[in-house]
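Engineer: Please find one structure pasted underneath; my questions will follow.
Values in this text are rule-based calculations from the coordinates and carry no lab data. This one's a predicted model, so the numbers in the text were calculated from it and none came from an experiment. All Cβ positions, even for glycine, are placed from backbone atoms using ideal geometry, and neighbour counts span all protein chains on display.
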């Protein structure tokens, strides 16, 4: 069981979550997620590390509603009695290649009729500024943009629905190091300034320490073996955090825990 932060308004609460791909199986050894409990608050980024197949992506799919749990609860904070949508960002962007960037972003007005075009255009302008993109990108197609620009557009597409919670499945892993650092910084700032929350699945310890407020190490069966609180100062950024003594100590501690988990 993993405790949640009490410093801010909770966005997500997961309690007693269990899941097996074979729903008829009652053997715990077949569970992909085993009795998992945790909470995520506003302005918080939780990073999840673990070997391939340990249940990281399965957990995101359960939270997003793509999979149904065997038992347990997944509760999202409501606004005016309505549950806000969840933003889901993958390793490869999910933009429609036959639409321009603007056309992809405006999909929000087609899916949710309560988002009008003027409101959507205002959001687009705000997020273009957040991610240091100019207006020219709106008329471009997927094939005309770099990997970093495509991923920025994919993140903005998820933000168009104004979700409180963003789920990210290795979204920066295919980017070159400089682009990765810049995009990490932009995303980190977005979460903190706009009171959102995020769960980031990654294989990169460095990224987890640089981005996360907490880091969960997960073993097979979706079991969190240890939680690390990341405290690198109030003025940290993913770039400035790297190279500090505390960063190095956390990296070594998490790596030791991962080695122990993978040796099981």
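Engineer: Set the Förster distance to 35 Å, then compute FRET efficiency between residue 173 and residue 117 from the Cβ-Cβ distance, nearest 0.05.
Structural biologist: Numbers: r = 34 Å, r/R0 = 0.98.
Efficiency at R0 = 35 Å is approximately 0.55.
Engineer: A follow-up question, please. I want to check the label-to-label distance for residue 90 and residue 246. Put each point 7 Å from Cα in the C-beta direction and report it in nm to one decimal.
Structural biologist: It works out to 3.7 nm between the two label points.
Engineer: Next question. I want to verify a result. In a Gaussian network model of the chain, Cα cutoff 10 Å, which of these has the top mean-square fluctuation: 121, 51, 241?
Structural biologist: Evaluated over the chain, the most mobile residue of the options is 121.
Engineer: Next up: Nearest-5 percent of antiparallel DSSP beta bridges in the chain?
Structural biologist: Taking every DSSP beta bridge with both residues in the chain, the antiparallel ones total about 50 percent.
Engineer: Then there is this: Relative contact order for the chain using alpha-carbon pairs under 8 Å, separation at least 6, rounded to a whole percent?
Structural biologist: 26 percent
Engineer: If we sort 233-240, 10-17 on the protection proxy, mean other Cβ atoms within 10 Å, highest first, what's the order? Don't skip to the answer; put the middle values down first.
Structural biologist: Details: 233-240: 13.4, 10-17: 18.9.
By packing density, highest mean first, the sequence is 10-17, 233-240.
Engineer: Compare the peptides 163-171, 129-137 by average per-residue count of other Cβ atoms within 10 angstrom and give them in order, highest first.
Structural biologist: So the order, starting with the most tightly packed, is 163-171, 129-137.
Engineer: Also: When the chain is fully extended, how far beyond the present Cα-Cα distance does residue 259 get from residue 78, taking 0.36 nm per residue of separation?
Structural biologist: Details: separation 181, 0.36 × 181 = 65.16 nm, distance 3.91 nm.
Extending this stretch completely gives an extra 61.2 nm.
Engineer: Binning at 10 angstrom from zero up to the longest distance, how are the C-alpha pair distances of region 181-264 distributed in percent?
Structural biologist: P(r) for region 181-264, in whole percents per bin: 16, 51, 27, 5, 0.
Engineer: Counting DSSP beta bridges in region 70-226, what percent are antiparallel, to the nearest 5?
Structural biologist: Around 35 percent antiparallel, to the nearest 5.
Engineer: Anyone know which of 140, 126, 27 comes out most mobile in the 10 Å Cα GNM of the chain?
Structural biologist: Of 140, 126, 27, the Gaussian network model singles out 27 as fluctuating most.
Engineer: Which value in Å does the Kirkwood hydrodynamic radius of region 116-210 take, with 1/r averaged over all unlike C-alpha pairs and then inverted?
Structural biologist: 14.1 Å
Engineer: Once both axes come from the Cα atoms, what is the angle between helix 245-262 and the longest principal axis of the chain, in degrees from 0 to 90, rounded to 10?
Structural biologist: 60 degrees
Engineer: Would you calculate, for the chain, the mean residue ellipticity at 222 nm contributed by helices, counting each DSSP H stretch of 4 or more residues as -39,500 (n - 2.57) and dividing by all residues, to the nearest 500?
Structural biologist: Taken over the chain, the calculation gives -10500 deg cm²/dmol.
Engineer: Ok, one more. How far apart, in nm, are the 7 Å Cα→Cβ label points at residue 51 and residue 37?
Structural biologist: Between residue 51 and residue 37, the label points sit 2.8 nm apart.
Engineer: Using the Kirkwood radius over Cα pairs, work out the Stokes-Einstein diffusion coefficient for region 81-154 at 20 °C and 1.002 mPa s, in µm²/s as a whole number.
Structural biologist: For these conditions, the coefficient is 163 µm²/s.
Engineer: Now for a different question. Hey, in the GNM for the chain with a 10 angstrom Cα cutoff, which one of 86, 111, 45 fluctuates hardest?
Structural biologist: Ranking 86, 111, 45 by mean-square fluctuation puts 111 first.
Engineer: Using a Debye calculation, one point per C-alpha and no hydration shell, please list log10 I(q)/I(0) for region 52-179 at q = 0.22 Å⁻¹ in order.
Structural biologist: -1.38
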